[in-house]
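Engineer: The structure under discussion is supplied below as structure tokens; questions concerning it will follow.
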Amino acid sequence: GEDVEQSLFLSVREGDSSVINCTYTDSSSTYLYWYKQEPGAGLQLLTYIFSNMDMKQDQRLTVLLNKKDKHLSLRIADTQTGDSAIYFCAESIADQAGTALIFGKGTTLSVSS
Amino acid sequence: GAVVSQHPSWVICKSGTSVKIECRSLDFQATTMFWYRQFPKQSLMLMATSNEGSKATYEQGVEKDKFLINHASLTLSTLTVTSAHPEDSSFYICSARIQDPLEGYTFGSGTRLTVV
């Protein structure tokens, strides 16, 4: 079955870069997403990447995709305390009733000043 | 952008009662709505997929009779937790697919259900 794996915790200092890693199993994924969840809140889409792309940059965010290894990463440059949250990677999987998102367990990013 | 309004944000109910959670798409038509459940410090688990005008498709292990999903219109999907028990306490989030892949999916703000 589909499976998305992430490391659970990451702690960085303010101003450093953060790299959050994710591996997925389904090679038929069309889109891969990164979402941010702050405590008690819903999910905020940060960025996405097509499965035929290797890299995507969006301001402080850089997404790298290695299709061969099924590895996805999110790099946050100049990490700020406001970036502290849980980050989920997700892949879109064809489901029998539509295309649902399958989420990893989430990486808790803690930014210290 | 496309917004899904979910309410209530939080609800406390007694064991044995039923709770209804609503998700409305405000400025687009949501043909398909997904319902997720999230336990503390855990990932979002897909519970079911609902399509407007047809029966929901439930993921393995999710009780259809306990978690009733209705998607009667293109802008409204509801999840009713029937005969709630403390183990049903969780964070429930709905999501809708958007045509523009840039946005992909939009999520409701979630409902924190506590059953006492």
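Engineer: Tell me which residues, restricted to region A:54-113, are assigned to a loop (DSSP other than H, G, I, E, B), small (Gly, Ala, Ser) and within 23 Å of A:Ala41 (Cβ to Cβ).
Structural biologist: If we filter region A:54-113 for residues that are assigned to a loop (DSSP other than H, G, I, E, B), which is where we start, we get A:54, A:59-60, A:67-70, A:77-80, A:84, A:96-97, A:104-106, A:113.
Keeping just the survivors that are small (Gly, Ala, Ser) gives A:77, A:84, A:97, A:104, A:106, A:113.
Selection gives A:Ser84, A:Gly104, A:Gly106, A:Ser113.
Engineer: Restricting the search to region B:1-52, which residues are touching a Phe, Trp or Tyr at 6+ places or on another chain (Cβ under 7 Å) and free of Cβ contacts under 8 Å to residues at least 12 places away in the same chain?
Structural biologist: Residue satisfying the conditions is B:Ser43 alone.
Engineer: Of the numbered conditions (1) touching a residue at least 12 places away in the same chain (Cβ under 8 Å); (2) of a type outside the set (A, V, I, L, M, F, W, C); (3) surrounded by fewer than 16 Cβ atoms within 10 Å (Cβ to Cβ); (4) within 14 Å of chain A (Cβ to nearest Cβ), B:Gln60 fails exactly one; give the number of that condition.
Structural biologist: If we test B:Gln60 against (1) touching a residue at least 12 places away in the same chain (Cβ under 8 Å); (2) of a type outside the set (A, V, I, L, M, F, W, C); (3) surrounded by fewer than 16 Cβ atoms within 10 Å (Cβ to Cβ); (4) within 14 Å of chain A (Cβ to nearest Cβ), just (1) comes out false.
Engineer: Just name the residue that is farthest from A:Tyr35 (Cα to Cα) out of those in region B:3-22 that are within 11 Å of chain A (Cβ to nearest Cβ) and crowded, with 16+ Cβ neighbours inside 10 Å.
Structural biologist: The extreme case among them is B:Gln6.
Engineer: Just checking, does region B:76-94 include any residue being small (Gly, Ala, Ser) and in a strand (DSSP E or B)?
Structural biologist: Here is the first cut: in region B:76-94, the ones small (Gly, Ala, Ser) are B:77, B:83-84, B:89-90.
Still in the running and in a strand (DSSP E or B): B:77, B:90.
Yes, that holds for at least one residue.
Engineer: Something else now. Condition check: within 11 Å of chain B (Cβ to nearest Cβ), within 27 Å of B:His7 (Cα to Cα), touching a residue at least 60 places away in the same chain (Cβ under 8 Å) and not aromatic (Phe, Trp, Tyr). Does A:Gln37 satisfy that? Don't jump to the end; show me each part of the working.
Structural biologist: On the way: within 11 Å of chain B (Cβ to nearest Cβ): yes; within 27 Å of B:His7 (Cα to Cα): yes; touching a residue at least 60 places away in the same chain (Cβ under 8 Å): yes; not aromatic (Phe, Trp, Tyr): yes.
It is true that A:Gln37 is within 11 Å of chain B (Cβ to nearest Cβ), within 27 Å of B:His7 (Cα to Cα), touching a residue at least 60 places away in the same chain (Cβ under 8 Å) and not aromatic (Phe, Trp, Tyr).
Only the coordinates and a few stated rules stand behind these numbers; no lab work does. Just so it is clear, the model here is predicted, and its values are computed rather than measured. With ideal geometry, Cβ positions are generated from the backbone for all residues, glycine too; neighbour counts draw on all protein chains shown.
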